[in-house]
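Okay, so here's the structure we're looking at.
The numbers here are math on the coordinates, done by the rules we state, and not lab data. What you see is a predicted model; the values in this text were computed from it and never measured. Methodologically, a virtual Cβ is constructed for each residue, glycine included, from the backbone with ideal geometry; neighbour enumeration extends over all protein chains shown.
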Amino acid sequence: MNGSLPDHHNWPQPVLSYSEAVRELHATIESEWDSVKQSACQTAAGRALWNHVVNDPLAELFAGETYLKNLYDKIKKDRLNNAPEVSGVILAVRTLWFDSKLELAVESFGGGGAQVVLLGAGMDTRAYRLECLKESDVYEIDFPEVMQMKHTLLQAAIGLINEPTMIAKSLRRIAVDIRDDDWFKKLMESGFIPEKNTVWILEGIIYYLPHSQAMGVLKIIADNCRITHTVLLADFMNKQSTALSATNYHFYSDWPDQLLPSLGFSDVKLSQIGDPDADYGLLHDPHNLFNRLRGLPRSIQNHPDDGTPCRRLYLVQASGSPNGS
Ligand SMILES: C[S@@+](CC[C@H](N)C(=O)[O-])C[C@H]1O[C@@H](n2cnc3c(N)ncnc32)[C@H](O)[C@@H]1O
């Protein structure tokens, strides 16, 4: 099963040799950052180790050796044991889903580019890797430490990697905690224009926020639908998923497809990992966890076969515009 994936001998290994400067920066991340900020590097490690399907040449640099090694060891073990799902596959599918929906969203605006705002951008590199963004202005938002470190790592890597070329028309990094009330004001001060077509990317972020702040963020985006064509791409955990880390995960929605219309979005589509638009040929084993979940009504909280919690990650696309389309 999972026959099209490389086997445990042939899984692509990290190739980058880190300079002393890059090693030291990653040592700082490991010793000084909390686990929420460190999740930025963990997701980069996922993209780096699934690079046979995800094109992200900067992911290795941003991941750091420790996260790469941890995930690589898990992947090798999974492949050796013929596991029905391989570690990191969720990140690979999620990245591909966001990439493809982002491309469609930008196209749907009919040319001329868009604004793309990434909340909790972490080590995202879409501004450097997606051709569809060449006419778009990209805004990355994350904690000051994360935004600064991203810049410093890129500087430290000059000579180690080919200088990354920006594809997006522009990229601005906004250092702010989105739990603070002034994050939208800071986005505006950085050049964001509410009247311009906008795609909002909330990838791996909304569940880190307390309920009221998550709702506040979604409301601000929904309010923007009244001003301009707006597309929201976001992943939501259901309640059972947030139990995986009571300290880090807070906000959940079992029914984001009902929540978002109630806030003002007019068109909402929900996918689960393994659905036809969220599979990418990476989930061959019919007994994989995702297929087991997709076969059950979403209202079911524990699997009837073995009582395990139904932990779901919803990939959600929502849109809105001043004329309600
Ligand atoms: C799991 S990572 C996802 C990063 C990126 N979106 C990706 O998919 O690679 C979560 C990111 O959200 C950021 N984050 C969490 N809470 C935040 C907050 N309150 N304000 C700003 N950024 C936050 C973290 O620093 C981290 O970079």
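Points to keep in mind about this one:
- Among the residues making up segment 269-325, those that are basic (Lys, Arg) and within 22 Å of Gly88 (Cα to Cα) are Arg292, Arg294, Arg311, Arg312.
- Some residue of segment 6-14 being assigned to a loop (DSSP other than H, G, I, E, B) and in contact with a Gly (Cβ under 9 Å, 6 or more places away or on another chain): no
- Some residue of segment 44-59 being within 13 Å of the ligand (Cβ to nearest atom), under 16 Å from Tyr18 (Cβ atoms) and not in a helix (DSSP H, G or I): yes
- His26 surrounded by fewer than 19 Cβ atoms within 10 Å (Cβ to Cβ) and either touching a Lys or Arg at 6+ places or on another chain (Cβ under 7 Å) or not polar (S, T, N, Q) (or both): no
- Enumeration of residues in segment 76-116 that are farther than 21 Å from Asp235 by Cβ and crowded, with 22+ Cβ neighbours inside 10 Å: none
- Looking only at residues in segment 244-258 that are in contact (Cβ under 8 Å) with a residue 12 or more places away in the chain and among the hydrophobic types (A, V, I, L, M, F, W, C), the one that is farthest from Val199 (Cα to Cα) is Leu244.
- When residues of segment 218-246 are limited to those that are closer than 17 Å to Pro261 by Cβ and of a type in the set (A, V, I, L, M), the one surrounded by the fewest Cβ atoms within 10 Å (Cβ to Cβ): Ile220
- Matching residues in segment 110-131 - criterion: being more than 15 Å from the chain's Cα centre (by Cα) and either within 13 Å of the ligand (Cβ to nearest atom) or hydroxyl-bearing (Ser, Thr, Tyr) (or both): Tyr128
- Filter result for Glu145 (within 12 Å of the ligand (Cβ to nearest atom), within 19 Å of the chain's Cα centre (by Cα), surrounded by 13 or more Cβ atoms within 10 Å (Cβ to Cβ) and not in a strand (DSSP E or B)): yes
- Members of segment 86-142 that are more than 28 Å from Val36 (Cβ to Cβ) and charged (D, E, K, R): Glu103, Glu107, Glu131, Lys134, Glu135
- Residues (of a type in the set (S, T, N, Q) and in contact (Cβ under 8 Å) with a residue 12 or more places away in the chain) located in segment 59-99: Thr66, Asn70, Asn82, Ser87, Thr95
- Filter pass, Lys239 being closer than 17 Å to Val117 by Cα and out of contact with any strand residue (DSSP E or B) (no Cβ under 7 Å at 6 or more places or on another chain): no
- One residue from Asp177, Asp223 being within 12 Å of the ligand (Cβ to nearest atom), of a type in the set (Asp, Glu) and either out of contact with any strand residue (DSSP E or B) (no Cβ under 9 Å at 6 or more places or on another chain) or closer than 22 Å to Ala40 by Cα (or both): Asp177
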